[in-house]
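Quick notes on the structure that follows.
The values are calculated or read from the model by the stated rules, or taken from the named source; none is laboratory data. For clarity, every value in this text was computed on a predicted model and none was experimentally measured. All Cβ positions, even for glycine, are placed from backbone atoms using ideal geometry, and neighbour counts span all protein chains on display.
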Protein chains: 2
Amino acid sequence: MECGLHFTKEVLNGKWKAGLLKAISIDIKRPSDMLRAIPDITKRVMNVQLRELEQHGIVTKKIYHQLPLKVEYSLTELGASLLPIINAMNQWGENNRAYLQTVIAKDAPVLPELDEKRRKVC
Amino acid sequence: MECGLHFTKEVLNGKWKAGLLKAISIDIKRPSDMLRAIPDITKRVMNVQLRELEQHGIVTKKIYHQLPLKVEYSLTELGASLLPIINAMNQWGENNRAYLQTVIAKDAPVLPELDEKRRKVC
DNA sequence: TGCCTGGGGGATAAAATTATCACCTGCTGA
DNA sequence: TCAGCAGGTGATAATTTTATCCCCCAGGCA
């Protein structure tokens with residue numbers, strides 16, 4: 001048997017998943033909008049991670065067979081139940097960013113700072 | 001700038017880190033005890049991950065220059081502040097394990113189920 | 001036609017993470 | 001003296017994750 005942590009890590013395991021979920025949660029649900037909100041992600045990788053989230057039952061994909069073609073991702077109930085955790089992680093990071101920046105080397109993803117539908121997310 | 005999520009993921013990023021922190025939090029703080037508590041981890045990897053946690057200011061290492069040699073890891077205040085998140089992740093996983101097991105393939109780490117100091121952790 | 005937007009994928013390379021293995025220091029007990 | 005426990009590391013493999021590239025479809029527009 002594995003402990004609960006295992007499943008959660010498995011689900012959130014992916015460089016951009018938490019960010020994608022956060023994006024969807026603040027109503028950025030179309031692929032092209034996500035690409036704009038998360039500058040460093042690439043289309044390919046985003047699709048792969050979204051597909052995994054979908055297979056894990058965290059998000060659902062809805063295709064509108066209209067023109068122009070439109071696709072929207074939404075959080076499932078299960079996915080929504082992850083938000084408190086994601087928000088707590090985000091909060092913890094913010095609370096300690098000043099310190100963490102000094103001990104963590106690398107450069108990384110981008111940040112929020114609301115705006116319109118064009119704000120960056122993570 | 002990066003969003004808070006980034007830092008938190010960076011800190012928890014490592015196959016065994018959350019499990020190690022959980023172990024320390026339930027008073028399994030000696031390396032050899034951790035190895036017994038987390039069956040699948042190897043000494044080498046455990047040391048590497050503990051060192052990263054230490055460099056990130058999440059745990060502290062105390063060496064007792066006594067005989068037999070004794071080493072103990074403890075959570076720093078910062079590390080302790082991560083526990084609510086780790087516990088929430090653990091809880092979420094437990095709450096949804098029945099379902100998650102059906103959508104996640106791989107096999108993984110081990111689980112808790114208290115005992116003495118020999119209980120397995122994660 | 002040529003080019004842009006919106007959505008998506010296969011093949012493959014590059015990078016990062018984990019795991020293996022062998023070997024080292026000290027002390028204790030048989 | 002050999003074995004075992006406690007703690008630990010360098011070098012190297014194996015695996016997993018991410019990223020790159022290039023191509024596909026359809027429709028609008030100029």
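Please determine, by comparing only the residues of the stretch B:104-122 that are away from DNA strand C (no atom under 16 Å from the Cβ) and surrounded by 17 or more Cβ atoms within 10 Å (Cβ to Cβ), which one is modelled with the lowest pLDDT.
Going through the qualifying residues, I end up with B:PRO112.
Residues are listed down the side, and each one gets a yes or a no for (1) away from DNA strand C (no atom under 14 Å from the Cβ); (2) basic (Lys, Arg):
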site	(1), (2)
B:LYS17	no, yes
B:LYS22	yes, yes
B:ARG30	no, yes
B:GLY57	yes, no
B:ILE63	no, no
B:LEU75	yes, no
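Kindly establish whether B:LYS15 is over 10 Å from the mean Cα position of the chain (by Cα), surrounded by fewer than 21 Cβ atoms within 10 Å (Cβ to Cβ), within 13 Å of DNA strand D (Cβ to nearest atom) and touching a residue at least 12 places away in the same chain (Cβ under 8 Å).
So B:LYS15 fails the test.
Looking only at residues that are of a type in the set (D, E, K, R) and not in a strand (DSSP E or B) in the stretch B:58-98, which one is farthest from B:LYS15 (Cα to Cα)?
Looking at the filtered set, the residue picked out is B:GLU77.
Name every residue in the stretch A:60-88 that is surrounded by 12 or more Cβ atoms within 10 Å (Cβ to Cβ) and within 16 Å of DNA strand D (Cβ to nearest atom), in order of residue number.
A:LYS70, A:VAL71, A:ILE86
Find the helices (runs of 4 or more DSSP H) located wholly in the stretch A:16-57 whose residues include 1 or more that are out of contact with any helix residue (DSSP H, G or I) (no Cβ under 9 Å at 6 or more places or on another chain), and list them.
A:31-37, A:43-55
Name the pairs whose Cβ atoms lie under 7 Å apart, with the first residue in the stretch A:70-96 and without any contact (Cβ under 8 Å) to a residue 12 or more places away in the chain, the second surrounded by fewer than 17 Cβ atoms within 10 Å (Cβ to Cβ), and 6 or more positions between them or separate chains?
Final answer for the pair search is A:ALA88/B:PRO84; A:TRP92/B:SER81.
In the stretch A:26-51, which residues are closer than 20 Å to A:SER81 by Cβ, without any contact (Cβ under 8 Å) to a residue 60 or more places away in the chain and either more than 16 Å from DNA strand D (Cβ to nearest atom) or within 14 Å of chain B (Cβ to nearest Cβ) (or both)?
A:LYS29, A:GLN49
Looking at (1) of a type outside the set (A, V, I, L, M, F, W, C); (2) closer than 16 Å to A:TRP92 by Cβ; (3) more than 12 Å from the chain's Cα centre (by Cα), can you tell me which one B:ASN87 breaks?
(3)
So how many residues does the stretch B:61-88 have that are in contact with a Lys or Arg (Cβ under 7 Å, 6 or more places away or on another chain) and within 26 Å of B:LEU5 (Cα to Cα)?
3
Which numbered condition in (1) within 11 Å of chain A (Cβ to nearest Cβ); (2) over 19 Å from A:GLU94 (Cα atoms); (3) within 16 Å of DNA strand C (Cβ to nearest atom); (4) among the aromatic types (Phe, Trp, Tyr) is the only one that B:PHE7 fails?
Going through (1) within 11 Å of chain A (Cβ to nearest Cβ); (2) over 19 Å from A:GLU94 (Cα atoms); (3) within 16 Å of DNA strand C (Cβ to nearest atom); (4) among the aromatic types (Phe, Trp, Tyr) one by one, B:PHE7 breaks only (2).
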